[in-house]
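Contents: one structure, followed by commentary.
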Amino acid sequence: MKKVVFVIIAVVLCNNISVAVGDEGKGLINWQDNLISYMYGTGFKVDPDVQQTISFEHVSDWSFGDLFFCVDIYKYNGSDISDGLYGEVSPRISLGKITDSKIEFGIVKDVLFAFTYEFGKGDVGTFLAGPGFDLDLPGFDYFKLNIYKRFPDGSRDGDTIQITPVWGMTFPCGESDIIFDGYLDWVIDNDDSYHSNFLFTPQLKYDLGKLMGYGARRF
């Protein structure tokens, strides 16, 4: 079995930025995080053996909901396959925030309208929509669960259901923290030529910014 080797360089560009439009705590953007990372890996069994990826990720909390955006640029070393591009933009509208009320029951902290648009090189454009839930689970900084209906662009197959949990956890380590976060995309059913699939993208990171005195990341 081939080994997979990754080299990851990540830079947090902005952290805990608030844009106020009125009284303190009433900002349009409560906070945001932006991350650029470089990854190198070998030993892939589906795509070309050697790959490089540059990723940009943005997450922000707004007065009416939240937003996640990411884009990945792929470089396939020594392959005839052309370089790739893939991205997602995922806004969610919070029922609790827009009604200025608490919508909580059991482990559910909030209920949201969740949307995503997948884009990139090739025939990948897909719109997703469905309910979202913010959950209060022990040990997690946050845990979000979105249940989507997929609507592929054009006449492509793939009109099915997707379940996407998103999580983050922080573990103290010396003068800083280890952060374990990520998401999972599970397409649970087949639609003709489009088959059920499973994408798991965990990330384990050490917060060098906090160690160097720039403050901890905020989620």
Inset, instruction - Before anything else, pin down the relative contact order of segment 7-211: Cα pairs under 8 Å, at least 6 apart, normalised by residue count, whole percent. - result: 10
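Provide the gained length on full extension for the span Val46 to Phe119, in nm with one decimal, where the gain is 0.36 nm per separating residue minus the Cα-Cα distance.
24.2 nm
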Legend entry - For segment 87-97, Karplus couplings with θ = phi - 60° (6.51, -1.76, 1.60), whole Hz, Gly/Pro x: x, 9, 10, 9, x, 9, 10, 8, 5, x, 6
Inset, instruction - Name the residues whose placed amide hydrogens come within less than 5 Å of the amide hydrogen of Gly130, ignoring near sequence neighbours (fewer than 5 apart) on the same chain. - result: Ala114, Lys149
Legend entry - Cα coordinate range in segment 68-219, projected on the principal axes (Å, largest first): 49, 47, 23
Inset, instruction - Filter the cross-link list Lys97/Lys205; Lys75/Lys121; Lys109/Lys144; Lys97/Lys144 down to pairs whose alpha-carbon distance in this structure exceeds 19 Å. - result: Lys97/Lys205
Legend entry - Contour minus Cα-Cα distance for Leu67 and Leu199 (0.36 nm per residue): 45.5 nm
Legend entry - Neighbour-limited loop hits for trypsin sites (Lys or Arg not before Pro), segment 112-200 (at most 11 other Cβ within 10 Å; DSSP other than H, G, I, E, B): none
Legend entry - Loop-exposed GluC sites (Glu not before Pro) per DSSP, neighbour cap 12 Cβ within 10 angstrom, longest uninterrupted part of the chain: 25-174
Legend entry - Long-range amide H partners of Asn190 with built H, under 5 Å: Ser196
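Read-outs: derived from the displayed coordinates by stated rules, not from any lab. Keep in mind that this is a model prediction, so the values were computed, not measured. Cβ coordinates were reconstructed from backbone atoms using ideal geometry, including for glycine residues, and neighbour counts include every protein chain displayed.
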